[in-house]
Every structure is written in structure tokens, then in C-alpha cells.
Amino acid sequence: MCGIVGYVGNAGRAADHGALDVILEGLRRLEYRGYDSAGLAVVTDAGIDSRKKAGKLANLVDSLEADPLPASLTGIGHTRWATHGGPTDGNAHPHLADNGNLAMIHNGIIENFAELKAKLVAEGVEFLSETDTEVAAALLGSVYRGAGEGNLTRSMELTARQLEGAFTLLAV
């Protein structure tokens, strides 16, 4: 069963531990639920930076210790239980869109992902995973650049209206 953690910190609060610490602790608390991969994305001055690994959370932590992500006060994290696509690094969440400017995690199943993927492929979108989440992320990126007019909240609303199934989405 998937787990989702999101965090928006406060730069003015001295006790703020930063997004990485909070997200990793949240993911540790969700480990009991079972999962096959873990990942996270943080918002930095340079854009979105992410890391994801198949297997246990310890694999992600080892990766972060070997090659740390920049400090951030905003981010999302995910533990995944595969439904579309096997338990691989590439299928782990988060999935990036809009040339890496957006990151999305997802819990649930998007039932019309194949139809949406075919439409996005026809528009020239290339996919790196086998997941319904990457389809939702690519759709979000398309909406963000178009009808969403660069407003993430509005783009999430418009994207969710096109998705069929039972799901929760979180994006930065």
C-alpha cells in the first residue's frame, strides 16, 4: 500500500528541520504498510531535485547519503506498491513533468491511463516508466503549460477532472 508525505516548511521558524528530514521520517513511519520502492522530490532555487530507488527505504537513504540533495523547505515523498509496472527505480515515484519543473506522486489507480497515454504520445510526450502516475504527471505538465496558465492549483484541478479511478495526487 502506498504512502504519501508532503511538507512545506517555514524559513522564518528556527526549529524548521527542512523537507528532507521531515519527509524521510514520514516515510519511515509508513514502512509498516508494505511497499516496493521509495522516492522524494524537493523544490530548490534551481528547480525540482528528486531521487527514487526500488526496494527498501534504506536504499533511498543510502543514495542520499552518497549524493545529497540540496536543502529545501518544500517537498514530497512516496513509498510505492506496484500496480502498473514492476518495482524498478524507473517506476518508483516521484515522476517528473514539464521538463523537470513539476514532480508528482500518486496513490491509487488511474483507470483511463492507457487512453491518456496514447493521446500524450501522439502529442510527442516520451515516457520513461510503465506507470499510470507518469501519465498523470505528463498530463499535469501539459495542462500547466496550457489551460492551467502556470498555476499549479488550477492545473491540478483541471488534470484531476480528466482522470478516472480512485486516487490521491500530490505535486510540486
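The values are calculated or read from the model by the stated rules, or taken from the named source; none is laboratory data. For clarity, every value in this text was computed on a predicted model and none was experimentally measured. As a convention, Cβ positions derive from the backbone with ideal geometry for all residues, glycine included, and neighbour counts pool all protein chains shown. What goes into the accessible areas is simple: the full protein's heavy atoms, side chains included, and nothing from ligands, DNA or RNA. Shrake-Rupley method; radii C 1.70, N 1.55, O 1.52, S 1.80 Å.
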Out of the residues in the range 10-24 that are exposed (fewer than 14 other Cβ atoms within 10 Å of the Cβ) and of a type in the set (D, E, K, R), state the one that is modelled with the highest pLDDT. Asp21
Working carefully through the options Gly124, Gly55, find the one that is in contact with a Pro (Cβ under 9 Å, 6 or more places away or on another chain) and open to solvent by 20 Å² or more (accessible area, probe 1.4 Å). Gly55
Of all residues in the range 139-172, how many are in contact with a helix residue (DSSP H, G or I) (Cβ under 6 Å, 6 or more places away or on another chain), at pLDDT 95 or above and open to solvent by 40 Å² or more (accessible area, probe 1.4 Å)? 1
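Output yes when any residue across the range 8-30 is closer than 17 Å to Leu170 by Cα and in a loop (DSSP other than H, G, I, E, B), and no when none is. Don't jump to the end; show me each part of the working.
Quick first cut of the range 8-30, residues closer than 17 Å to Leu170 by Cα only: 8-9, 19-20, 22-24, 26-27, 30.
Adding the requirement that they be in a loop (DSSP other than H, G, I, E, B) leaves 9.
Looking through the range 8-30, at least one residue is closer than 17 Å to Leu170 by Cα and in a loop (DSSP other than H, G, I, E, B).
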